[in-house]
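Some notes on the structure that comes next.
The values are calculated or read from the model by the stated rules, or taken from the named source; none is laboratory data. Being a predicted model, the structure only gives us computed values, none of them experimental. Cβ placement follows ideal geometry from the backbone for every residue including glycine, while neighbour counts extend to all protein chains displayed.
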Amino acid sequence: MKSIINRKNITRLAVAVAIWAVIALLMATGIMSRSLQSLTIKICYYVMLTLSLDLIVGYLGDLSLGHAAFYAVGGYAGGAFALYTNLPFIPTFILALLIGGVVAAIVGFLISKSILKLRGDYLAIVTLAFGEFIRSFVKIIRGLGGTKGLIGIESYSSRIVGFSLSYIVVLLVIIAIYNFTHSRYGRAVTAIRDNAIAVESVGIDIKKMKVLVFTISSFIAGMAGVLFGFYKTTLNPSDFTYNLSIEVLVMVVLGGMGSIRGSVIASVVIVALPELLRGASDYRMLIYAVALIAMMMFKSNPKLVKYTERLGAAVDNLKKSLTRKAVSDKPSSGGVSK
Amino acid sequence: MSLLKVQNLGITFGGLKAVDNLSLEIEKNELYGLIGPNGAGKTTVFNMLTGVYKPTTGEFFLNGENLTGKSSIEINRKGIARTFQNIRLFGKMTVADNVMVGLYNQMHYNLVDGLLRSPKYFADEKEFSKRADELLAVFDLYDDRDTLASNLPYGKQRKLEIARALATSPKLLLLDEPAAGMNPNETAELMKTIRFVREKFDMTILLIEHDMKLVMGICERVTVLNFGTELAAGKTSVALNNPQVIKAYLGDD
Ligand SMILES: Nc1ncnc2c1ncn2[C@@H]1O[C@H](COP(=O)(O)OP(=O)(O)O)[C@@H](O)[C@H]1O
Ligand SMILES: [Mg+2]
């Protein structure tokens, strides 16, 4: 009987803990500079943003240009909660995270319900407008600080704490997304991307699936917003511009679309690179653009795609011959031979 | 009572009567042919029977239940599954996953089970991936289970579509030109498989075919369509020898 506790998962957990331990150690000993320490937290919420947008763009196959909106809604909801309540830090953090996620998910649910019929360009335009709408909305609400911003959200007691909490949240999100994409729901969603009419022909309600994906995606983006709020302690409408939505979209595309590992790697690299190569930060947008065009050209070049597929198959074969695992039993019916 | 009853079904596209006043009845476990020249309206009939198009006139019943005007989703859940003339697979998914999508509605676990990987998730996934493998084996696709559907050769893609349709455990299976693009050997093999499916799953099949010879070998009864109207219907050998039918086909090719 299969279960969650197996050797593979224990190894994965060990790797995750090891990565945390190394980074925490580098932080504690001061080997890591302060700006690098902040970077680790930034990477965490960017990874969540990218993963959540990848659910919509990579898995479902819809284009959303307003992802920053859910990030803003979550950040403001969680931030306002933290600001206006007086609980100890950890309960505040956990509740803010849940409130930010849930409020963003509710908004995502309502939005997706009302724009279900739209596809392609239309969907992109409406999500874009929605992103700008949310930004203007928080600007005019005085309780949320208006243009000055929501100031004075409780901060992490140290960068190690901030990183550790963010890291745990990211790990939980990765596990949840992995499980989702490997469930019947995730398969249905990926199938919609490949052929929506065929999905309906096997009795699956694609509208429900789309609403589900938007809701889960905005829940995660909302939590990312909360992590951002706790890190920055001040939320400004200008933190949530159209540029951010595009930046995250670039990460999704560079991550290969529909790939958890790709999304994580792309966001780590893109967030870290400009900070590591200080001088290059002016050229950040230029680098994005070039990388994006290269990726698109690569993806639309059948020869290159075939080549990487062959490469992947070769690696797989190599792995197989190295492990020499017994192949699982075959079903009895029909004339199968291997 | 017949399994499928179609009564005066018709549809108009901007003045063009694509299908007009079509009636037919199919008995349980029957293998029924719907034939006619290109553009006769065969695929349009399938689109009406699967809720892709709403009929302008007439009704159809499955086991006596009126399904006219219902959505594709509802109709599949009531027991009609189909394949497409222009293949519609989930190209970037594996062969096994294509069938697993077809099994979606029969699986039991809910979203929370899926997110947390409860024992129910594992039990269900195990049971249904076994069932998917069995279906794939019927179509000789088991060895391709981990291949991306778009990388399959054409003939196998057509078979995979049938496997996916069967995965929804339908009462009635609609096949739209399943042999299109296949060579004679592949076609002969496919016909064998269709007969096998009919027996093994006690399936009722409505089959669209362009090629008359092929229909002759496999269908007991047929309806011949031309310009959206019925030219002839009944026992295959009789209907296909109808002078009007012969004329329609000669005029076509
Ligand atoms: N959605 C549509 N809009 C307009 N005309 C259509 C539509 N679908 C089918 N038709 C027309 O209906 C006729 C029958 O088409 P079809 O059912 O595909 O024929 P067959 O499958 O018998 O080759 C054709 O003239 C076709 O152009
Ligand atoms: Mg047709």
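Any residue at all in the stretch B:88-109 that is within 23 Å of B:ARG164 (Cβ to Cβ), within 16 Å of ligand 1 (Cβ to nearest atom) and either in contact with a helix residue (DSSP H, G or I) (Cβ under 9 Å, 6 or more places away or on another chain) or at pLDDT below 95 (or both)?
Yes.
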Item checked: Tabulated pairs, the stretch B:166-187, first polar (S, T, N, Q), second within 16 Å of ligand 2 (Cβ to nearest atom), C-beta under 7 angstrom, 6+ apart or interchain -> B:THR187/B:ALA179; B:THR187/B:LEU214
Item checked: Options A:GLY143, A:GLY131, A:GLY100, A:GLY58: the member that is over 23 Å from the mean Cα position of the chain (by Cα) and assigned to a helix (DSSP H, G or I) -> A:GLY143
Checklist line | Residue list for the stretch B:5-25, filter: surrounded by fewer than 19 Cβ atoms within 10 Å (Cβ to Cβ), over 19 Å from B:PHE61 (Cβ atoms) and either more than 16 Å from ligand 2 (Cβ to nearest atom) or among the polar types (S, T, N, Q) (or both) | finding: B:THR12, B:GLY14, B:GLY15, B:LYS17
Margin query: Of all residues being in contact with a Gly (Cβ under 8 Å, 6 or more places away or on another chain) and without any contact (Cβ under 8 Å) to a residue 24 or more places away in the chain in the stretch B:115-139, which is nearest to A:ALA176 (Cα to Cα)? Just the residue, please.
Written below: B:TYR121
Next item on the list: Determine, yes or no, whether A:ILE10 is within 14 Å of another protein chain (Cβ to nearest Cβ), over 15 Å from A:SER164 (Cβ atoms) and more than 16 Å from the chain's Cα centre (by Cα).
Entry: no
Next item on the list: For the stretch A:103-119, state whether one or more residues are of a type in the set (Phe, Trp, Tyr), in a helix (DSSP H, G or I) and over 23 Å from A:PHE180 (Cα atoms).
Entry: no
Note to self: The conditions are (1) within 14 Å of chain A (Cβ to nearest Cβ); (2) within 11 Å of ligand 1 (Cβ to nearest atom); (3) under 21 Å from B:MET212 (Cα atoms), and B:THR83 fails exactly one of them. Which is it?
What the structure shows: (2)
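Quick test for you: out of A:VAL126, A:VAL170, pick the one residue that is modelled with pLDDT of 95 or more and either among the aliphatic types (A, V, I, L, M) or touching a Ser or Thr at 6+ places or on another chain (Cβ under 6 Å) (or both).
A:VAL170
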Next item on the list: Could you grab me the full set of residues in the stretch B:212-223 that are β-branched (Val, Ile, Thr) and either more than 20 Å from B:ARG158 (Cβ to Cβ) or within 14 Å of ligand 1 (Cβ to nearest atom) (or both)?
Entry: B:VAL215, B:VAL222, B:THR223
Margin query: Tell me the residue from A:THR147, A:THR40, A:THR92, A:THR50 that is modelled with pLDDT under 90 and not basic (Lys, Arg), please.
Written below: A:THR147
Check: Which of the residues spanning the stretch B:15-39 are among the aliphatic types (A, V, I, L, M), within 18 Å of the chain's Cα centre (by Cα) and more than 11 Å from ligand 1 (Cβ to nearest atom)?
Finding: B:LEU24, B:ILE26, B:LEU31
Notebook entry, point to check: Among the candidates A:ILE19, A:ILE10, A:ILE4, A:ILE23, which residue alone is modelled with pLDDT under 90, of a type in the set (A, V, I, L, M), under 21 Å from A:ARG261 (Cα atoms) and not assigned by TED's automatic domain parsing to the domain that holds A:TYR122?
Noted result: A:ILE4
Item checked: In the stretch B:90-106, the residues that are buried (at least 24 other Cβ atoms within 10 Å of the Cβ) and more than 7 Å from chain A (Cβ to nearest Cβ) -> B:VAL95, B:ASN98, B:VAL99
Notebook entry, point to check: Does the stretch B:171-193 hold any residues that are within 16 Å of ligand 1 (Cβ to nearest atom) and crowded, with 16+ Cβ neighbours inside 10 Å, and which are they?
Noted result: B:LEU174, B:LEU175, B:ASP176, B:GLU177, B:PRO178, B:ALA179, B:ALA180
Margin query: Quick check on B:GLU161: is it within 11 Å of chain A (Cβ to nearest Cβ), acidic (Asp, Glu), part of a helix (DSSP H, G or I) and in contact with a Leu (Cβ under 8 Å, 6 or more places away or on another chain)?
Written below: yes
Note to self: Condition first: at pLDDT below 90 and either in contact with a helix residue (DSSP H, G or I) (Cβ under 6 Å, 6 or more places away or on another chain) or within 18 Å of A:ILE175 (Cα to Cα) (or both). Now tell me which residues in the stretch A:258-270 satisfy that.
What the structure shows: A:ILE270
Next item on the list: Select from the stretch B:194-211 the residues that are within 16 Å of ligand 1 (Cβ to nearest atom) and within 17 Å of B:SER2 (Cβ to Cβ) and list them in ascending order.
Entry: B:LEU206, B:LEU207
Check: Which condition breaks for A:ALA68 when tested against (1) free of Cβ contacts under 8 Å to residues at least 40 places away in the same chain; (2) within 30 Å of A:ASN243 (Cβ to Cβ)?
Finding: (1)
Checklist line | Matching residues, the stretch B:55-78, being within 10 Å of another protein chain (Cβ to nearest Cβ) and not hydrophobic (A, V, I, L, M, F, W, C) | finding: B:SER71, B:SER72, B:GLU74, B:ASN76, B:ARG77, B:LYS78
Item checked: B:ASN66 being free of Cβ contacts under 8 Å to residues at least 60 places away in the same chain, surrounded by fewer than 16 Cβ atoms within 10 Å (Cβ to Cβ), among the polar types (S, T, N, Q) and more than 16 Å from ligand 1 (Cβ to nearest atom) -> yes
